[in-house]
Structures are given as structure tokens and as C-alpha cells.
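Enquirer: Supplied in C-alpha cells, the structure appears directly below.
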Amino acid sequence: MKKILISILCFFIIPLNCFAISAEKCVVMDLNSGRVLYNLNGDEPRLIASITKIMTTMITIMYSDLDKIVKVDEDILKAYGSSVYLSVGEEIKLKDLLYGLMLRSGNDAAVAIANTVAGSMDNFVYLMNEYADTIGMKNTKFVNAHGLDDNGIGNTSTAYDMALLTQIAMQNKTFREIFGTKHYTAKSNLKTYSWEAKNKLYDMYEYTTGGKTGYTNAARRTLVTTATKDNKNLVIVTLNDGNDFNDHKTLYETYFNKYEAILALNKNNFKLKDDYYQDVTFYIKNNYYALVTNTEKKDLKVDVTLYKYDNVYDDIKIGEAKVMLKDQILHTESIYAKNNKAKVVKKETLWQKIVGWFKSW
């Protein structure tokens, strides 16, 4: 009888947001701040398969003209697995290849992109690793632009590093458009393509804003998705997860319910007074929503730093507003100034006008 009572009590005591997922490694991150909300072995490196293509897309956006026409060469014949079925000699816009890369995970597209952007796969991989190092992906190593592996040798990263990459990439408008596209039609000189995203979460979860799938026999299923609800923006990364789409949906529902979006900075109601600046109005350009639990609300604050300038002109950056959760910086927003000091123009008297008229002769 005691065991039965304990089981019943546990059923009611365990929070409703408890969950079990199939992922070997997982990270849930706030896209607005980069704050990790959930971490399951998130710093342990593993093969990542085709979620590699998130980095491939970012490097292409950063280093090349997306309107460039790509002439597909024979190197695409080295690619296997997922394909958009390019033909040697075909001419297609680089931007279209990115959509084929992300929606259909085209490995042939990855080869064509690497050769076009950097001249060779090796050169492109150098750019990938250089950028990974620059943004702080400390446990990541790329060896190709597509994510295929050979005898266990392939691109390795962590759930945290891939969440970090996605968080930064989502700040780029072009990346967001490609990452969040469900259907795309492209035309080359030879064919018309119609691509549909492999990300099944679009049909399973209405708040989904983007995603990239991945799979190889060695890496197993890998998945990166993003979702937005009530000013809450999250990215989820799972590695080696046989139930990834359902797990992502569960995680989104759990963390959207657990956290509240607090408008910490309001661009339409930003009021600040400072004795040093008597005739200055301060303003910010963006709203910022901080994700906090009910118990964290008391620890949320905004620290303001103003620079001391002798002369202030309109729209000068004059300081920073930092949204803090205890000692953790969630966001930094620039503060700008408007100089309201009246420009006094002295009116000439009639006598001054007459004197001035005679002086002009």
C-alpha cells in the first residue's frame, strides 16, 4: 500500500514540465541572449552530419555574392547521399544552391558552393574553422562543407557550439530567410527545381521558424530548429536522437511554458535623466525581451553607462544599457542622443539693418 501511495504522490508532485527525451546530447538556448536554458551533455563533441550546412550557408553569405552564377563542375560527382541532382555544366545562381543545400540537404550543392566561394573544398573548410574559432565554437572541427563522414572521420561539434552558431546566424536577415523557408522554386539553364524542406517540425509545431536536419550511419539523427512564441525565441539542438522531431516539440512546449518574456527595454518608452546632460534626450533603437522564470524576475535589472562628451550632436552613440540577470549580461543595447538645446537666433533691429545696408556700399 505504501508503494502505491508514493507512486500516486510522485505523479502529482513532479512538475508538469518534466520530460524525457531520446537525445544523447541536447541544448535549449534563448536566441535573444545566448543563455542556455537546458543542457544535456551539451559540451561533448560528436559527429554532426548535415547540420554542418548551417555553417556552410553562413560562410557563403559572408564571403560571396549570392547573385553569382555557378557553373557546376565534375567535382559534384564525388558527392553521395542527399542530393538536389545537379548536372555537370549546369548554370545556376549561388543563392538557389543555398536553398537546395538547406531545404533538401544537397551534398552536391555543398561541393559546388565550396568550389565557387573559396576555389576548393580545402579552402572553404579553412574559412569554416576560422569563423568557428572567431565566434567561440571551442569544440568544433570541420573537414568538409556537407557533413558526410568516412570511417568515423567527419565534422565534429557539440550541441552547445551548434546552438551558438545558429544564435549568431539568426541575426543575419538572409540566413533567417533561407533557414525558415518551407518551399522554394529555382531555375537553372537546364532545369526547374521545386524543393520542400525536410524539417517535419513545420507540420508538427505551429511556432517553428526554421530548421536543418542531418543523418549519417555514424552520426545518427541530428537536428537544429528554431521557434518563436509570445516574444520568446528559442533554438534547440539534438545529437543522436531517434525521436528528434517529437523531442523538439516537447522541449519547446516545456520551455515556452517555463519562461516569461519581460520587456526589459522599451524603445517607445525609454526614459533617462542625467545631471551632466541637461538638454539631451536619450533613445534606443530596439526592444529587448528577457526570458526569466517567475523566481528570476527579482534578479532582472538594467545597468546604464553614459559616456561624458563635451559636445553632443544628434544620433551620437552616448552609452549602453545592459540587461542583467544577477551578474550575467543577457543583452547590451546602444543608447543614442538628441540635443534639444535651442539654437537662439538674434533678431536684427531696424537701426542694425540700416547700418548694415550702408556698410554694404
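Enquirer: Can you name the helices (runs of 4 or more DSSP H) wholly within the range 117-196 that have at least 2 residues being more than 24 Å from residue 248 (Cβ to Cβ), assigned by TED's automatic domain parsing to the domain that holds residue 239 and in contact (Cβ under 8 Å) with a residue 24 or more places away in the chain?
Expert: It comes to 121-135.
Enquirer: So, one more: Anything in the range 284-298 that is of a type outside the set (Phe, Trp, Tyr) and either in contact (Cβ under 8 Å) with a residue 40 or more places away in the chain or exposed (fewer than 13 other Cβ atoms within 10 Å of the Cβ) (or both)? List them, or say none.
Expert: 284, 285, 286, 290, 291, 293, 294, 295, 297, 298
Enquirer: Take residue 291 and tell me if it is within 20 Å of the chain's Cα centre (by Cα), within 21 Å of residue 166 (Cα to Cα) and not assigned by TED's automatic domain parsing to the domain that holds residue 159.
Expert: So residue 291 passes the test.
Enquirer: With the condition kept exactly as written, say whether any residue in the range 267-283 is under 17 Å from residue 232 (Cα atoms) and touching a residue at least 12 places away in the same chain (Cβ under 8 Å).
Expert: Within the range 267-283, none of the residues are under 17 Å from residue 232 (Cα atoms) and touching a residue at least 12 places away in the same chain (Cβ under 8 Å).
Enquirer: If you don't mind, another one. Restricting the range 39-49 to residues that are of a type outside the set (A, V, I, L, M, F, W, C) and touching a Lys or Arg at 6+ places or on another chain (Cβ under 7 Å), which is surrounded by the fewest Cβ atoms within 10 Å (Cβ to Cβ)?
Expert: For the range 39-49, the residue satisfying everything is 44.
Enquirer: Restrict the check to the range 223-232 and report whether at least one residue is in the same structural domain as residue 83 (by TED's automatic domain parsing) and over 21 Å from the mean Cα position of the chain (by Cα).
Expert: no
Enquirer: Test of understanding: among 270, 282, which residue is touching a Gly at 6+ places or on another chain (Cβ under 8 Å), farther than 30 Å from residue 204 by Cα and not assigned by TED's automatic domain parsing to the domain that holds residue 206?
Expert: The conditions single out 282.
Enquirer: Residues 230, 247, 241, 203: which one is among the acidic types (Asp, Glu) and under 21 Å from residue 286 (Cβ atoms)?
Expert: Answer to the selection: 230.
Enquirer: While we're on this one: Among what's in the range 111-130 and is within 30 Å of residue 35 (Cβ to Cβ) and crowded, with 19+ Cβ neighbours inside 10 Å, pick the residue that is farthest from the chain's Cα centre (by Cα).
Expert: Within the range 111-130, the match that is farthest from the chain's Cα centre (by Cα) is 127.
Enquirer: Out of (1) closer than 19 Å to residue 214 by Cα; (2) in contact with a Leu (Cβ under 7 Å, 6 or more places away or on another chain); (3) of a type outside the set (A, V, I, L, M, F, W, C), what's the single condition that is false for residue 106?
Expert: Against the list (1) closer than 19 Å to residue 214 by Cα; (2) in contact with a Leu (Cβ under 7 Å, 6 or more places away or on another chain); (3) of a type outside the set (A, V, I, L, M, F, W, C), residue 106 comes up short only on (2).
Enquirer: Would you please list the contacts, defined by Cβ atoms under 7 Å and residues six or more apart or on different chains, that run from a residue in the range 322-334 that is under 10 Å from residue 303 (Cβ atoms) to a residue that is assigned to a strand (DSSP E or B) and among the hydroxyl-bearing types (Ser, Thr, Tyr)?
Expert: So the pair list comes out as 322/332; 323/288.
The values are calculated or read from the model by the stated rules, or taken from the named source; none is laboratory data. Just so it is clear, the model here is predicted, and its values are computed rather than measured. Note that we place each Cβ from the backbone using ideal geometry, even for glycine, and neighbour counts take in every protein chain shown.
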